[in-house]
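Presented below is the structure to which this report refers.
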Amino acid sequence: MKLTKREIDALACPPGKRDAMFMDDSLPGFAVRVTETGSKVILFQYRFAGRVRRMVLGPYGELTPPQARKMAEAARGRAREGGDPAGERKALALAAKEERVRQKAETAADALTFRVLVERWRDGALREKSASYRKDAPDRLLSAFAVMKNRPARSIATGEIQARLDDIASAHPIMARRLHAYGRAMFTWAQKRQFVSANVFASVIVEGEEVSRDRVLTDLELATLWNAAGRLPYPFGPFVHLLTLTLQRRDEVAAMTWAELDPDLTTWTLPAARAKNGRAHIVHLSEAARRVLADLPRQTDPKTGSLSPYVFTTNGRTPISGFSKAKVRLQKAMAAAEDTPAGKEAQPTPGPDWRLHDLRRTGVTVMARLGIGHHVADRVLNHVGGAIKGVAAVYQRHEFEAERAAALDSWARHVLAVSAGTASGTADNVVPLRP
């Protein structure tokens, strides 16, 4: 029998059998398999390595007998040469599948840009970190490496990272070290999850070690700063006063909301989501701090006319920013004298560098002078570690709220005293706190 369309159409599986094989007499190995359900598959049968092998050519109907016969003749030629047509086809199919998987992986790897990696790190590894860290670390990485943010993370070379951090370190060595730490942590996280094959930050070198600042303002400097802030209008003048009196972090005070304050202004509750260490914190407000808050105008959103939730804001919708420019204005106010000639602009005060963050260190230093314990000062600053360590830190859960309130009251009295010139080491021409 020669398997033509007419013969194949007439084929049927014998009763009682699940399938049957019908061989072509003119082309050895060419066959049709018919099942009890009526389906028909054309195949080629041959021997390889002493065993019978079958190669499916395709379903009858999708494949015509002439097409199938041509395929069987080619397979028979390969078999007569000692080849394994079915095995070769399977190998080709497997290779094609592997290539598709490889291309899919390549596409996914290219889609993982530096920016996407930063976002996944933020939403994954940083999920349990404080809100400020979750914002600061990703924002700084994207800003510092902006030219790389749309490139696949795997395409970034260590040499590029080294060159960029070297440029940053020439002007801002501390920032370069922090960016190095952020990037190394992010790529370590990504490498463990096989998002990238290597940590391009691991072998980068940033010279020097980060030295903790030890700048403490003298009483004269503290008085000058306080009185200069009193000359600045809302929002930055009152902001510096409240920053000084509470000793909390700059961004935490800047984003203070009215809802976080008790109605009687005795305490400010900093929520865990806004605290740098992710730990909610109650801040006692001294009488001087309450006076600052009580004198503040409640701002509104000019677009909606609704009251702003923020204590310090310039647009009613977001908390204040632009601290560098504000500090320049504060320095000019510190340098300004009553006899400054009209029409001339006061220049920033020369001398040792200082930052707003130094107020926290100044406050705890003065507290030590006033006899306030380190464990209380640590709680004032909302430090998780602090003076109580080891087993005592595990079991010690007292928050010293009364002692913290007394400490901030003592600190406020000291600030007002040196600013009024009634404490040692102050000048006679300081400006007192405005009533």
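Tabulated values for the structure
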read-out	value
Filter result for A68 (assigned to a helix (DSSP H, G or I) and either touching a Leu at 6+ places or on another chain (Cβ under 8 Å) or among the hydroxyl-bearing types (S, T, Y) (or both))	yes
Checklist (1) in a helix (DSSP H, G or I); (2) farther than 27 Å from K192 by Cβ applied to G83, failing item	(1)
Qualifying residue in the range 210-228 (condition: buried (at least 21 other Cβ atoms within 10 Å of the Cβ), touching a helix residue (DSSP H, G or I) at 6+ places or on another chain (Cβ under 8 Å) and more than 26 Å from V328 (Cα to Cα))	no
Qualifying residue in the range 319-327 (condition: assigned by TED's automatic domain parsing to the domain that holds A228, part of a strand (DSSP E or B), modelled with pLDDT of 90 or more and not basic (K, R))	no
Residue count for the range 1-18, restricted to those that are farther than 15 Å from R69 by Cα and exposed (fewer than 14 other Cβ atoms within 10 Å of the Cβ)	8
Filter result for A202 (closer than 28 Å to T266 by Cα and not polar (S, T, N, Q))	no
Matching residues, the range 137-155, being crowded, with 17+ Cβ neighbours inside 10 Å and outside any loop (DSSP other than H, G, I, E, B)	A137, P138, L141, A144, M148, P152, A153, R154
Test: D339 is modelled with pLDDT under 85, in contact with a Lys or Arg (Cβ under 8 Å, 6 or more places away or on another chain) and over 15 Å from A229 (Cβ atoms)	no
Residue in the range 288-307 that is loosely packed, with under 12 Cβ neighbours inside 10 Å, basic (K, R), modelled with pLDDT under 95 and not assigned by TED's automatic domain parsing to the domain that holds A131 present	yes
One residue from E106, E98, E119 being surrounded by fewer than 14 Cβ atoms within 10 Å (Cβ to Cβ), part of a helix (DSSP H, G or I) and within 11 Å of the chain's Cα centre (by Cα)	E119
Among the residues listed as A68, A96, the single one being farther than 30 Å from N150 by Cβ, modelled with pLDDT of 90 or more and small (G, A, S)	A68
Count - residues of the range 39-64 that are part of a loop (DSSP other than H, G, I, E, B), within 59 Å of the chain's Cα centre (by Cα) and touching a residue at least 12 places away in the same chain (Cβ under 8 Å)	2
The range 156-187: number of residues that are in contact (Cβ under 8 Å) with a residue 40 or more places away in the chain and loosely packed, with under 14 Cβ neighbours inside 10 Å	1
Residues satisfying the stated conditions in the range 240-272, i.e. small (G, A, S) and in contact with a Ser or Thr (Cβ under 8 Å, 6 or more places away or on another chain)	A254, A272
Residue check for V196: modelled with pLDDT of 95 or more and not aromatic (F, W, Y)	no
One residue from L92, L126 being without any contact (Cβ under 8 Å) to a residue 60 or more places away in the chain, at negative phi and part of a loop (DSSP other than H, G, I, E, B)	L126
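The values are calculated or read from the model by the stated rules, or taken from the named source; none is laboratory data. Note that the coordinates shown come from a computational prediction; the quantities given were computed from them, not determined experimentally. Glycine also receives a Cβ, built like all others from the backbone with ideal geometry; neighbour counts cover every protein chain displayed.
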